[in-house]
Amino acid sequence: MSVALLSVAGVALDALLGEPRRRHPLVAFGRLADRLEQRFNAAGRGWRSHGVTAWFLAVIPLTLVATLLSWLPYLGWIVEVLALYCALGLRSLGEHVTPVAEALRRDDLEAARQRVGYLVSRQTDELDANAVARAATESVLENGSDAVFAALFWFAVAGVPGVVLYRLSNTLDAMWGYRNERFERFGWAAARIDDVLNYIPARLVALTYALLGKTRLALTCWRQQAPRWDSPNAGPVMAAGAGALGVELGGPAVYHGELHERAQLGEGQPADAESIERGWQLVQRGVWLWLLLLCLGAEIYA
């Protein structure tokens, strides 16, 4: 089967089933990652070399196993579809952000704070409605890039090895890639590898957001604002996404009790429930565009 048809099948399976409720492979992988971190970073004393070793032991064997399974006669295509399905988080993203918008529309700020707390690592218990909407809109734009588009990109480029290696690496970055005393050295490799793997997909996502929204404003925000963001990949994605939506994002946020003065992203109206919903629609339309381009490419090169 072509990469285009396999990609459509993987996205369709995600839309039909959503995230596995029980025995999700990434949950089991997370437990493995915890054990490796306890072994190689006890009491936060691990060095960069320990982080590299732990990353290799967590990612490479599982990637090789998935690759070998994808080569099975007659059954390999099923493994390919399942690998992409497990790596995607499109429906799950919608299931997490939509309740935030619904709570804001009901003026239920407490519920909105609670729901957005499932999405972001910043403190949410004192956020006002605008700050909740900013956090949720930022999350849908950034997680759309990490949990959806980048997985599609690596599947299209390198099949099962690409998508499995990417998803496992991205998961380790989420677990180990913190700039704090515990993970500053040990998590360095996981963070840098994830930056490399997301470099091209993030810029394609920024371009996708720009093309499907307020294009000129999105490109301006990307060029002017992204360099001021602390993440080399989240900056382009969120700046272009904010510009595409015509909404203001960024600004101060509290993480683990510490205030972070973040750059402003986008331009236009303050974030609200509508901006969350429009951000979610932007991600969905972007996925349709990518699938269409994959199908057109498969037809041209058939």
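Apply 1/(1 + (r/R0)^6) to the Cβ-Cβ distance of Ser49 and Tyr199, taking R0 = 25 Å, and write down the FRET efficiency to the nearest 0.05. Working from the Cβ atoms, E equals 0.55.
Here the relative contact order of the chain, from alpha carbon pairs under 8 Å that lie six or more residues apart, stands at 21 percent. Computed per residue of the chain from DSSP H runs no shorter than four, each worth -39500 (n - 2.57), the mean residue ellipticity at 222 nm is -23500 deg cm²/dmol. Around the amide H of Gly250, modelled in the peptide plane, lie the amide H atoms of Leu265, all under 5 Å away and 5 or more residues distant in sequence or on another chain. Within segment 154-193, name every residue whose backbone N is under 11 Å away from a label modeled 7 Å from Cα of Leu57 along the Cβ vector. In segment 154-193, the label zone of Leu57 (backbone N under 11 Å from the point 7 Å along Cα→Cβ) covers no residue. For segment 1-19 versus segment 187-251, the spacing of their alpha-carbon centroids is 26 Å. In loop segments of segment 247-302 as defined by DSSP, the chymotrypsin sites (Phe, Trp or Tyr not before Pro) with at most 16 further C-beta atoms inside 10 Å of their C-beta are Tyr301. Which shape class applies to segment 132-204: rounded if a/c is under 1.5, otherwise prolate when a/b exceeds b/c and oblate if not, where a ≥ b ≥ c are the square roots of the Cα gyration tensor eigenvalues? Note, shape of segment 132-204 comes out oblate. Take the Cα of Leu75, go 7 Å toward its beta carbon, and none of the backbone nitrogen atoms of segment 24-64 fall under 14 Å from that spot.
Multiplying the residue separation of Arg31 and Ala158 by 0.36 nm and subtracting their alpha-carbon distance yields 43.1 nm.
Restricted to Cα atoms, segment 61-161 shows a radius of gyration and a Dmax of 18.0, 56 angstrom. DSSP bridge analysis restricted to the chain gives an antiparallel fraction near 75%, rounded to the nearest 5. Can you tell me the length gained on complete extension of the stretch Tyr255 to Ser2, counting 0.36 nm per residue apart and subtracting the Cα distance? 86.7 nm is the gain from fully extending Tyr255 to Ser2. Pair-distance distribution P(r) for the chain, from all Cα-Cα distances in 20 Å bins starting at 0: 33, 59, 8 percent.
Each residue of segment 59-69 was assigned a 3J(HN,Hα) from its phi angle through the Karplus curve 6.51 cos²θ - 1.76 cosθ + 1.60 (θ = phi - 60°); the sequence is 9, 5, x, 5, 5, 5, 4, 4, 5, 4, 5 Hz, with glycine and proline shown as x.
Give the residues of segment 123-161 whose amide nitrogen is closer than 17 Å to a point set 7 Å from the Cα of Val65 in the direction of its Cβ. Zone members listed by number: 160-161. Rounded to the nearest 20 debye, the dipole size of segment 56-160 about its Cα centre is 260 debye, using +1 on the Cβ of Lys and Arg and -1 on the Cβ of Asp and Glu.
One decimal place: the segment Ala15-Glu95 gains 27.7 nm when fully extended, by the rule 0.36 nm per residue minus the C-alpha distance.
Highest mean packing first, where packing is the average number of other Cβ atoms within 10 Å per residue, the peptides 40-47, 170-177 line up as 170-177, 40-47. Phi angles of segment 126-138 translate, via the Karplus equation with coefficients 6.51, -1.76, 1.60 and θ = phi - 60°, into HN-Hα couplings of 10, 6, 7, 4, 5, 5, 4, 5, 4, 4, 5, 5, 4 Hz per residue; Gly and Pro are given as x.
With each label modelled as a point 7 angstrom along the Cα→C-beta vector, the Tyr301-Arg106 pair spans 4.8 nm.
Every number here is computed from the coordinates shown, using simple stated rules; none is lab data. Since the structure is predicted, the reported quantities are computational estimates derived from the model, not experimental observations. Backbone-built Cβ (ideal geometry, glycine too); neighbour counts: all protein chains shown.
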